[in-house]
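Computed from the coordinates by the stated procedures, all read-outs in this text should not be read as laboratory data. Small disclaimer: the values here were computed from a predicted structure and weren't measured. Note that each Cβ is placed from the backbone with ideal geometry, even for glycine, and that neighbours are counted across all protein chains shown.
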Amino acid sequence: MTADVRATPPESTGISRAQFPSLILGIIGLVACAIGWLMNAQEFYRAWLPSFIFWFEIGAGALAILMLQYVTGGEWGLMIRRPLGAAARTMPLLAVFFVPVVIGLPKIYVWADKAVVERDHLLQMKSQWLNAPGFTIRAAMYFALWILWAWRLRALSLKFYEDRAPETELKRRKWSAAGLVMIVLTLTFASIDWVMSLEPKWYSSMFGISFTIGCGLAAFAYVTFLLTQLVRTKAMAEILKPSHLRDLGNLMLAFVMLWAYTAFSQFLLIWYANIKEETPYYLKRQYGTWGFIAIVLIVFHFFLPFFMLLMRHIKDRPKTIAIVTALLIAMRYIEIYWLIAPAHQGIHFRFSWMSLAALVGMGGIWFWFLVQQLKGQTIIPIHETWVDEAIREGRLKVNG
Amino acid sequence: MAEKETTPVHEVRPTTQELRVPARFIPSPTIEPGHSFATITDHISTIVLRRKTPIGWLIGFLISLMGVGILTLSLTVLVGKGVGIWGINHPVGWGFDIINFVWWIGIGHAGTLISAILLLLRQEWRTSINRFAEAMTLFAVASAGIYPALHTGRPWFDYWLFPYPNTMGLWPQFRSPLMWDVFAVSTYATVSALFWYVGLVPDLATLRDRATNLWVKRIYGMFALGWRGSAKHWYRYEHAYLLLAGLSTPLVLSVHTIVSFDFAVAQLPGWHATFFPPYFVAGAVFAGFAMVLTLAIPARKFFRLEDFITMKHLENMGKVLLATGMIVVYAYAMEWFYGIYSGNPFEIFMLKNRATGPYGSMYIALWICNGLAPQLMWFKRFRTSTFWLFVVAMFVNVGMWLERFVIIPASLHRDFLPSSWGMYHGTVWDWGVYVGSIGLFFALLFLFVRLLPMISIFEMRTLLPEAQAHHTEGTEAQ
Amino acid sequence: MGGIGKPISGLYGVIAEFTNPQDLLEAANKARDEGFTEMDAFSPFPIHGMSEAVGFNKTRLSTIVLVMGILGGLGGFFMCWYANVIAYPLNIGGKPFNSWPAWIPIAFECAILLAAFGAVFGMLALNGLPMPYHPVFNVRRFDQASRDKFFLVIQARDPKFKLDEVRNFLDTLHPREIVDVPW
């Protein structure tokens, strides 16, 4: 006889067994980063940024999707609320990871280099927005808001567990609705500050939207991948149904299409208008290895996952959908690198070992922190009224 | 695990625990209680099959026909004299024709959104409004189609827009966004019509079976294609319907995206913005839901459909209005941010001129209509009041027209050289075509509610609890 | 596909009328358990599990739509390319003859258009519609099938079909009425 799955803590899913190795891996990665920093500080800072953005996307996207889930309340969120909430609560750690970006500001962002700005009229005009104190204060504000919301939602969820009052649920929904407005705005400005301003003369009003959708896609891929790994354990295997994975697969399909939509629209409009402030951005990214990566993105970030996610027998099976999510997670990193690195390297492609070290270092610590957040609560939000409903109506099977 | 015992999170409460839920948290139903398959069928089909035409319908239809008369007159003069009778001239070459085209196409988008996207999202409340909204889509597209067809100047050559091998050896120029429009709008019209018709077939069979007049029976029977409700047919039918929904969703996004390309591919400040595609799509859905509310609130009262179009529907539409309104506000605000951030003097001039130039008052009115008015929808009190919903919807209808005015003539009228500056005002013929197209839209809608069931009967039947059949043990299907 | 079959001595089958979807579904399941294969159920709305009960649960519609969509997309792209690169090349704004980003919107629209045609006309063709005449329309009360009544027909071409046995079998399902369906 097995324990009631509704009372299954994540410990019994075996996820905590991966926690310690992950921490060790993270420390090794960060030590390597430190060595890299000693060798070449500029290379280190520039390598750190894309890896940071990659992990940041998952955390920020998780917060956004969690709030979307609280507002709309579809059944697709049944399995993913807890993993999303845990990922959203990695924000303080991500804020710590952001510190090297602030320290290395003049080495990463050309507008923070006083010598360059002095010679450039346009950059002087733009320095009203693009300046180091403003950048730092804004970043602190963004993180403060994200952390506030992540913990507020957790507090309301715990309160709802205690009192089960519809008022609490309503309050959580209201916070989430306001939070969606907040997160779209903050992600827009964060993407402008952190990524778009790498090429300070270039601008595209689609960029913030595109970035936000990228965050959502990364978070969906993360949470679906996590589920497919958890399903190997007995605790999850009995409640996770193919239809849950199919719903998540469909949502991922929608995000893949939205990603392609924003990316293509932005490209087409810039290609077509052919204005000299805008076009060099893409010219650089079409050249040599960058151009090859662009084709890789078209094929593996859109066409392949698109056709795979159209097929029901791929969406329904944990093993096959895990492949799609892994592909998408990898493509997120490649796209981020393709967006960021040409700003520093121009047309010459280079991949520093420090990028990899930063990716592994941050990832190891991040995963360890994530499992910490998942602990101490069930992996399924058992206290939600609609979970009860789902069990009663037989939509959610409980063993026994 | 012992140390964790103090935390309550692993405790399992009995699932049958009584929850005392205050009345205001009990969701309102998508169909009022007390209905059966028969009453739903009879109530909705009688509106169509009754012999006596209500006097209110006749009055409304006649007023709409007057609009059609104005349209006919305006178009006759237009074809006879040319587009010079409109207010367009250098530097404003696009005026009411494009404003109204975009306005109408945008209104159409809510229909497809309700029927396709909400179906995919399994939102049951769409069921009683999808038919009506789809009809609205078709008629809005018909009204929209008038403008691009006539603004070409020589509408008798419009067939040149289609690619066909011809003796002139000419081919259309596919780099032009106006060619993309031709394909987008005609595909949209075709697929919307198919979607609508496929949804109608089972209901046409109902009308065929319920009609008493032989000729009425024959006509409905012809369009019902011999539908007999076979289980095998239903299976493929539902499959096709879902596939169509899946196809319509990207289609509807693409249509307004391509409309936005008309502007955004240009280099003109105020037009060239890469976020135009999602901004236009959100604006279209916003405008469309406002129009659905504008039509549904009086219609449900007039035809006594309160049982089927409940407060839940209206409230949800209010929520969609708020959500899309927020996206539109995001666009208005970000236009300022990116304009200033760009450091481009032409962008900054355009923004200043937009707010304080000759058309500044329209820009302020636009913010009031689209920015402020929908904020009322944050409050349940306003979302559940038909009066306030109608007021907000009217504000949005006006606001979305103003938005297109602000984008089109207000961006064009200040050219790069002050010597090329000008002003734009619609002439009486501009207004004539506009009022006429509204008349056409309403005339078609009036015909629709008289001749076809305005609520999907067969889908309403599935909302009843007794429509759910369950497998009994021993007869597991395989 | 339409499932009319060959006339057997002027009889299409035997039809039973039920008053609710639950009874119809159970009846169809029992009839399948009994070994009948040529049957059909009629209802005023789609009933979940009904098509499986009458022994039918797959359709090629998705494949048709996918193939049509791909053909439409490739066709639309080829049309633009052929017209503006091969047949009538024009220099517009210094853009290359093969302005492939500009072909994408039209290729997309063509893909959707053909896929939608595939869905609608594919569904009608597979269903054998339009079909103005069908034997079940001869049943006097069949017009209720589009209102609130539910019908199960066992066709005469079923290998197990024996008129008396079928009538007796249907009678055990407690229908409202049992009627022979003539051609």
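Averaged over the residues of B:206-215, the number of partner chain Cβ atoms lying within 10 Å of the residue Cβ comes to 2. In a simple Cβ point-charge model (Lys, Arg +1; Asp, Glu -1; nothing else charged), the protein assembly as shown has a dipole of about 540 debye relative to its Cα centre. What shape does region A:173-239 take by its C-alpha gyration tensor, where a ≥ b ≥ c are the square roots of the eigenvalues and a/c under 1.5 counts as rounded, a/b above b/c as prolate, and the rest as oblate? Since a/c reaches 1.5 but b/c is at least a/b, the shape of region A:173-239 is classed as oblate.
What you get for region A:15-382, charging only the Cβ of Lys and Arg (+1) and of Asp and Glu (-1), is a dipole of about 740 debye around the Cα centre.
For region B:280-317, trypsin sites (Lys or Arg not before Pro) are listed when DSSP marks them as loop and at most 14 other Cβ atoms sit within 10 Å of their Cβ; the list is B:Arg304. How would you classify the protein assembly as shown from its alpha-carbon gyration tensor, with a ≥ b ≥ c the square roots of the eigenvalues: rounded for a/c under 1.5, else prolate if a/b is greater than b/c, otherwise oblate? It comes out oblate by the Cα gyration axes. Among the chymotrypsin sites (Phe, Trp or Tyr not before Pro) in region C:84-142, those located in a DSSP loop and surrounded by at most 15 other Cβ atoms within 10 Å of their own Cβ are C:Phe97, C:Tyr133. Put simply, when A:78-88, C:153-163 are sorted by average Cβ atoms within 10 angstrom per residue, most first, you get A:78-88, C:153-163. Site-free segments of chain B were taken between GluC sites (Glu not before Pro) in DSSP loops having at most 15 other Cβ atoms within 10 Å, sites themselves excluded; the longest one is B:19-305. Taken one residue at a time, the phi angles of region B:326-340 give Karplus couplings (6.51, -1.76, 1.60, θ = phi - 60°) of 5, 5, 5, 5, 3, 5, 4, 6, 5, 4, 5, 4, 5, x, 6 Hz. Gly and Pro are set to x. Of the trypsin sites (Lys or Arg not before Pro) in region A:155-241, the ones in a loop by DSSP (not H, G, I, E or B) with at most 16 other beta carbons within 10 Å are A:Arg232.
Only one residue of A:Met79, A:Ala330, A:Ala294 has its Cα farthest out toward the positive end of the dipole of the protein assembly as shown, where Lys and Arg carry +1 and Asp and Glu -1 on Cβ, and that residue is A:Ala294. Each residue of region B:362-369 is assigned a 3J(HN,Hα), and the resulting list reads 5, 5, 5, 4, 4, 5, 5, 5 Hz, derived from the Karplus form 6.51 cos²θ - 1.76 cosθ + 1.60 (θ = phi - 60°), x at Gly and Pro. Each residue of region A:156-173 is assigned a 3J(HN,Hα), and the resulting list reads 5, 5, 5, 4, 5, 4, 6, 9, 6, 8, x, 4, 5, 5, 4, 5, 5, 5 Hz, derived from the Karplus form 6.51 cos²θ - 1.76 cosθ + 1.60 (θ = phi - 60°), x at Gly and Pro. For the pair region A:292-323 / region C:136-183, the C-alpha centres are spaced 48 Å from each other.
Normalised by 2.2 N^0.38 Å, where N is the number of residues, the alpha-carbon radius of gyration of chain C equals 1.55.
Annotation: amide H of C:Gly13 within the under-5 Å range of C:Ala156, C:Val181, sequence separation 5 or more or interchain, hydrogens built in the peptide plane.
In this structure, the amide hydrogen of C:Glu177, modeled 1.01 Å from its nitrogen in the peptide plane, lies closer than 5 angstrom to those of C:Glu17, counting only residues at least 5 positions away or on a different chain. For the pair B:Ile55 and B:Val79, label points projected 7 Å from Cα toward Cβ lie 3.8 nm apart.
Amide hydrogen proximity for C:Lys160: with H placed 1.01 Å from N in the peptide plane, the residues at 5 or more positions away or on another chain lying under 5 Å are C:Thr37.
The overall shape of chain A is prolate: from the C-alpha gyration tensor, with semi-axes ordered a ≥ b ≥ c, the ratio a/c is 1.5 or greater and a/b exceeds b/c.
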